[in-house]
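Readers should treat all values here as calculations from the given coordinates under stated rules, not as data from a laboratory. Since the structure is predicted, the reported quantities are computational estimates derived from the model, not experimental observations. Quick reminder, even Gly has a Cβ in these numbers, built from the backbone with ideal geometry, and neighbours come from all protein chains shown.
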4 protein chains.
Amino acid sequence: MSERTAHGTLPQPLGGEPAARVLVAGATGLTGALAARLVWRHLRLELVAATSRSSAGVRLDALYPQHRVPIELSAPDAVDLDAIDAALVALPHAAAAPLVAELRMHAIRVVDLSADFRLRDLDSYERWYGEHGAPELLDDAVYGLTELARERVAGADLVANPGCYPTAALLALAPLAEAGFLGEVVIDAKSGVSGAGRGGFDFAEVSENFKPYKVEGHRHTPEIEQELRALGGGGTVTFVPHLLPIDQGLLASCYVTPAHETDARELRSLYGERYASEPFVDLVDAPPGVRDVRDTNVARVHVAHDESSSRLLTFCAIDNLWKGASGQAVQNLNLMLGLEETEGLA
Amino acid sequence: MSERTAHGTLPQPLGGEPAARVLVAGATGLTGALAARLVWRHLRLELVAATSRSSAGVRLDALYPQHRVPIELSAPDAVDLDAIDAALVALPHAAAAPLVAELRMHAIRVVDLSADFRLRDLDSYERWYGEHGAPELLDDAVYGLTELARERVAGADLVANPGCYPTAALLALAPLAEAGFLGEVVIDAKSGVSGAGRGGFDFAEVSENFKPYKVEGHRHTPEIEQELRALGGGGTVTFVPHLLPIDQGLLASCYVTPAHETDARELRSLYGERYASEPFVDLVDAPPGVRDVRDTNVARVHVAHDESSSRLLTFCAIDNLWKGASGQAVQNLNLMLGLEETEGLA
Amino acid sequence: MSERTAHGTLPQPLGGEPAARVLVAGATGLTGALAARLVWRHLRLELVAATSRSSAGVRLDALYPQHRVPIELSAPDAVDLDAIDAALVALPHAAAAPLVAELRMHAIRVVDLSADFRLRDLDSYERWYGEHGAPELLDDAVYGLTELARERVAGADLVANPGCYPTAALLALAPLAEAGFLGEVVIDAKSGVSGAGRGGFDFAEVSENFKPYKVEGHRHTPEIEQELRALGGGGTVTFVPHLLPIDQGLLASCYVTPAHETDARELRSLYGERYASEPFVDLVDAPPGVRDVRDTNVARVHVAHDESSSRLLTFCAIDNLWKGASGQAVQNLNLMLGLEETEGLA
Amino acid sequence: MSERTAHGTLPQPLGGEPAARVLVAGATGLTGALAARLVWRHLRLELVAATSRSSAGVRLDALYPQHRVPIELSAPDAVDLDAIDAALVALPHAAAAPLVAELRMHAIRVVDLSADFRLRDLDSYERWYGEHGAPELLDDAVYGLTELARERVAGADLVANPGCYPTAALLALAPLAEAGFLGEVVIDAKSGVSGAGRGGFDFAEVSENFKPYKVEGHRHTPEIEQELRALGGGGTVTFVPHLLPIDQGLLASCYVTPAHETDARELRSLYGERYASEPFVDLVDAPPGVRDVRDTNVARVHVAHDESSSRLLTFCAIDNLWKGASGQAVQNLNLMLGLEETEGLA
């Protein structure tokens, strides 16, 4: 572990043993860097190493000054896996699976932020992502949308952290799916550019712009369908993503033709009960904005009834990097380690 | 009319009589100011007066330097209506109708940018906007979505210029409605803040933000439904607007459950034929972005077929101030005056 | 103090007595709300009350969801001052002084974020701000630019927290002033809109815009001059602020005609030594951007030598709400209470 | 020349012979594309060809839909130079000079938007840009800051179009330089990203950011110094550029230690007289914002006197793509062709 510099007088564990020694693999991407920051600041976790193939030897705070993590990045093969209890893997799709397999061989608990273990059906995975690097682990993996799988996550050794769009869409739709209300579903989703990783977008293409993309098929669609089916839902799903001219923030607007008649009061009651004790879901009376959840692990959910069309409208705003990626990963890791779910995420 | 200053050496009519002497009423709002600019720069129109209740005596270029219109604003009652051939009325809803009535008494041709003459049904108007100031004119008014009503506009004395959201939604949906394909419709629309007029939004509420608003009913919904019915369309409409953290630009994303089966090829052919000769509709192969139409009168339309759900997806991007307001108003005025539809809008 | 809700399971003090029971006065403004958040999350401080004249009874997280502080705002006169050890006062200029006087009567330690105790010269204060509400306290107040007054702050009962522009300008210039290098100084400064408080700016006036303001005199000028003189500096100061089309972030670009000749090497050594052990000043090799310090208490400083003109160039980037206001206030409070300076600010 | 499509019914020359047949070389960059648009819409010019090495055969409106120029791009060697009267050359530095030489061999009038003919001193050019491709033409070139060289431009065959930063800085400073007031000069300049050409900046690096760059030497500095000396000015110049998180817009803030004493009244009178009859310079009473000049060829200039320091403050806002590049190029071309200076730029 890197030495603390002058700047390293920033707080870390206040005495006592850490609950786990943690590796972050792939710390130069946006989600990996944020994962490293969250572990670094977490009072019960120790950030043992953060790896990078391209930037080994560079300090993470040279790449991400805002995160204030003064640790030197390690080459992937320079990490002693026997000194690791848990890992957050933030590698690209396909690159993650072999590392996850190796980590599991060392009995290291893993939250994988890639798509490699999200789809339970191998054929579906291979249609969207190509050959799978560790199909033998698919059955072990728990799909970690925390609020929908808290107990399974707590007992898991390998958690597939959900995609950012599925996180928002599923939190918006889960109460309807669970209650059997789900008919046809249209999901019109919008994300800031950090949803696409680092270095993806030219300023002149994005600023003052807004547009849909991948309208004829996005690989988050099968992930959403898989989980809705698992919840008991329903009809066909149309999912269209759009690119917002902002950095962080994601909103899913969902339009549901209900399987049964309902009304605004029943809906509010349904959602209110479902999310009453969730620390990271805020059910709000007005349509949620992405700014209200920036740099938080919170999902803000709103539900409405369009009387003239009888459609149900439900909206969910998250920070795509937090609840849509690294924040939820730490939330899951907390559960896997028997810690308070909210630790390090306030 | 105000004298030209040094800066007034900017071009205007190149000799010959203007086709019409034009009044812009309500030139201190965003759409009125743009209307004044378009008339000022139009080679065949003369901007005789631009009125403002609050800023009479002020030069328009002091309020809107970017538009470069060096005309002094007039008090509303200081205009000699006998010297006017045509008017663009950019007053708020309800304030417009009485002025329109007065202008019509003087046989002045009017394009009204307010909502006052958009809804043919008086009850529906009064439910959304309050008492109507000139209901006797409702039957004379032509709903001026140019591409859908070119001939009626050309013969009209009073044109109700469409709302910005209906313009985009209807251009996206019209070919489907006309061909009888329209089943259930979800319209998820997004607009920059200028759609809400001048001075409406605090920077801190909008920047880096994105959110839905008026999800339980927006007054553009009955306008869209009225026109879809007129085109032969169909099922229920759900319309939800969202606020983009940009100034200009509007996108309507439309999700249609088709009345009959169709496929991508038929859709492209349908839209291709419908819009082939439209000067201000660009049918594009990729999803359209609002930046591509900024400061133009162009609508960019894209249509796709979502095979897995059999839904039809259609998108339309416009500049809410141009094709969604003042640009379309001039396009309509051109037609009413027998000019080339595109004049002054290139 | 308000009860914790479900959401209030967010972490606070990990056992042990808090070091101080803290009041935040004026918690509905941007800096007061952030101050409340920082105290709420601080492991050694207890947020006893946050006051608001206009929003008493409202929960702070209803106004600022992103800060996640589930405390109910108190009316100013509903707070039991005997249960308070320290206060962060975030009231407007002139309104702060009387409250500060009252708090001091109860022997409460105060960091005042307003301008009321920044200018040591009463005449100068009254020229820029009007009548002073507690001039008898001026001599007790320590100007709290932490890095320049650490020991005095540690021993103070009343700290005047610096303005955002002076914080950045003084950190950029202090090493030169202390070393006697300071000749004529031009400070061209740029701030995001949150520097002006809540609700100040119309989106349409700020977005895609950039402009100078108050070019003929800003009240931060006498504050900068006072502190430069105290450090031993020098010539005349010209200070011009500009408004950036962003929410948070401030950059001061300083141009100095040196009192003696110097070169790049000497400058780097001077700044390197001066700031080597500062936890919240990063001396950087490349010009600093405001994004790198967003939501941190860090100042990034860069110094260069313009050989052709022999001028010294020095730049400082801060987050105007953190190091420029509430972050520095907590940094000062930590010192006043004998805590580690960096606590609660990582 | 490409055929007009349906969309090509947009207006162009209204009868009569065009004043010149114009080539735009390098039309795929931001300034070349805008130059092509300005020529295309210009009522007295004919856009004969727009060239591109990388995109020959592609229509310009496929790359820049917003400009609405339905012309097919030509390969550079496919243009018949005998059919060309004038050219706007928008190639990168160094690539421009050989083409300019070839065009001049055909007696074609040229406005070169690159830096190749801006610096009169060959050594200085080669220090900043490398070897010069046509040094024999340096003496023929007129530095085309229109307001400072109107008559020379009108008589020139080759105009070196100024850089964007020098345009703003020189318009801000010229009245002082001409009147002998110029002492020491600090220029703190800020530009939107389009100043750096197409595809230059990652959204995540620019949005919500602001920073200085090239603080130890930018190649626009010798250009500014050369022209200030030519006007009779003065002392040393320090020039530091900064990057704004917007697309278009440039502000130069200039700080001058005056050679003689002066006051606000004399300054206003000096600037008022100097710019009174300039069609594209607006002298304004309040500090200018870049938004007010967006998509216009206007420079907004403000001058102030800082009494406490006796410094003169002068500010100039332009659109870097218009007055800072293509707009000024057309302004110059108008003069070279004996047309009204403002034609096509309103």
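Quick notes on this one:
- Residue satisfying condition, being among the aliphatic types (A, V, I, L, M) and either out of contact with any helix residue (DSSP H, G or I) (no Cβ under 8 Å at 6 or more places or on another chain) or touching a residue at least 40 places away in the same chain (Cβ under 8 Å) (or both), within set A:Ala134, A:Ala94, A:Ala149, A:Ala101: A:Ala149
- Residue within region B:160-170 that is in contact with a strand residue (DSSP E or B) (Cβ under 6 Å, 6 or more places away or on another chain), buried (at least 23 other Cβ atoms within 10 Å of the Cβ) and part of a strand (DSSP E or B) present: yes
- Taking (1) free of Cβ contacts under 8 Å to residues at least 12 places away in the same chain; (2) in contact with a Pro (Cβ under 6 Å, 6 or more places away or on another chain); (3) crowded, with 24+ Cβ neighbours inside 10 Å in turn, C:Ala317 satisfies each apart from (1).
- Candidate set from region B:49-78 (those that are basic (Lys, Arg) and not in a strand (DSSP E or B)); member that is nearest to B:Ala95 (Cα to Cα): B:Arg53
- Yes/no for A:Val237 being among the β-branched types (Val, Ile, Thr) and in contact with a Phe, Trp or Tyr (Cβ under 8 Å, 6 or more places away or on another chain): no
- Looking across region A:175-194, the residues that are surrounded by 24 or more Cβ atoms within 10 Å (Cβ to Cβ) and either over 26 Å from A:Ala90 (Cα atoms) or at the interface with another protein chain (Cβ under 7 Å from one of its Cβ atoms) (or both) come down to A:Leu176, A:Leu182, A:Val185, A:Val186, A:Ile187, A:Asp188, A:Lys190, A:Val193, A:Ser194.
- Any hit, region B:123-132, residues being under 15 Å from B:Ala230 (Cβ atoms), assigned to a helix (DSSP H, G or I) and among the charged types (D, E, K, R): no
- Exclusive hit being in contact with a helix residue (DSSP H, G or I) (Cβ under 9 Å, 6 or more places away or on another chain) and under 30 Å from B:Met105 (Cβ atoms), set B:Pro245, B:Pro166, B:Pro175, B:Pro258: B:Pro166
- Filtered residue count, region D:20-48, keeping only those that are hydrophobic (A, V, I, L, M, F, W, C), touching a Gly at 6+ places or on another chain (Cβ under 8 Å) and in a loop (DSSP other than H, G, I, E, B): 1
- Some residue of region C:195-203 being at the interface with chain D (Cβ under 9 Å from one of its Cβ atoms), of a type outside the set (Val, Ile, Thr) and not in a strand (DSSP E or B): no
- Region B:328-346, residues that are buried (at least 24 other Cβ atoms within 10 Å of the Cβ) and not in a helix (DSSP H, G or I): B:Leu345
- Of the residues making up region A:254-295, those that are in contact (Cβ under 8 Å) with a residue 24 or more places away in the chain and within 9 Å of another protein chain (Cβ to nearest Cβ) number 15.
- Which listed residue, of C:Arg109, C:Arg118, is of a type in the set (Lys, Arg) and within 14 Å of the chain's Cα centre (by Cα): C:Arg118
- With respect to the conditions (1) aliphatic (A, V, I, L, M); (2) in contact with an Asp or Glu (Cβ under 6 Å, 6 or more places away or on another chain); (3) more than 9 Å from chain B (Cβ to nearest Cβ), A:Ile246 falls short on a single one, namely (3).
- Top-ranked residue of region D:219-243 - restricted to ones that are at the interface with chain C (Cβ under 9 Å from one of its Cβ atoms) and among the polar types (S, T, N, Q), ranked as nearest to C:Leu250 (Cα to Cα): D:Thr238
- All told, B:Leu251 meets the bar of being within 24 Å of B:Tyr143 (Cα to Cα) and at the interface with chain A (Cβ under 8 Å from one of its Cβ atoms).
- Residues in region A:297-346 that are within 14 Å of chain B (Cβ to nearest Cβ), touching a strand residue (DSSP E or B) at 6+ places or on another chain (Cβ under 8 Å) and charged (D, E, K, R): A:Arg300, A:Asp306, A:Arg311, A:Asp319.
- Condition check for C:Tyr125: closer than 26 Å to C:Arg219 by Cβ and either of a type in the set (Asp, Glu) or in contact (Cβ under 8 Å) with a residue 60 or more places away in the chain (or both): no
- Yes/no for A:Arg152 being assigned to a helix (DSSP H, G or I), surrounded by fewer than 22 Cβ atoms within 10 Å (Cβ to Cβ) and more than 14 Å from every other protein chain (Cβ to nearest Cβ): yes
- Residue check, D:Ser207 within 8 Å of another protein chain (Cβ to nearest Cβ), of a type in the set (Ser, Thr, Tyr) and within 15 Å of the chain's Cα centre (by Cα): no
- Residues in region B:87-107 that are crowded, with 22+ Cβ neighbours inside 10 Å and either within 29 Å of D:Thr296 (Cα to Cα) or touching a strand residue (DSSP E or B) at 6+ places or on another chain (Cβ under 7 Å) (or both): B:Ala87, B:Leu88, B:Val89, B:Ala90, B:Leu91, B:Ala96, B:Leu99, B:Val100, B:Leu103.
- In region D:198-229, residue surrounded by the fewest Cβ atoms within 10 Å (Cβ to Cβ) [restricted to those that are of a type in the set (A, V, I, L, M) and in contact (Cβ under 8 Å) with a residue 40 or more places away in the chain]: D:Leu228
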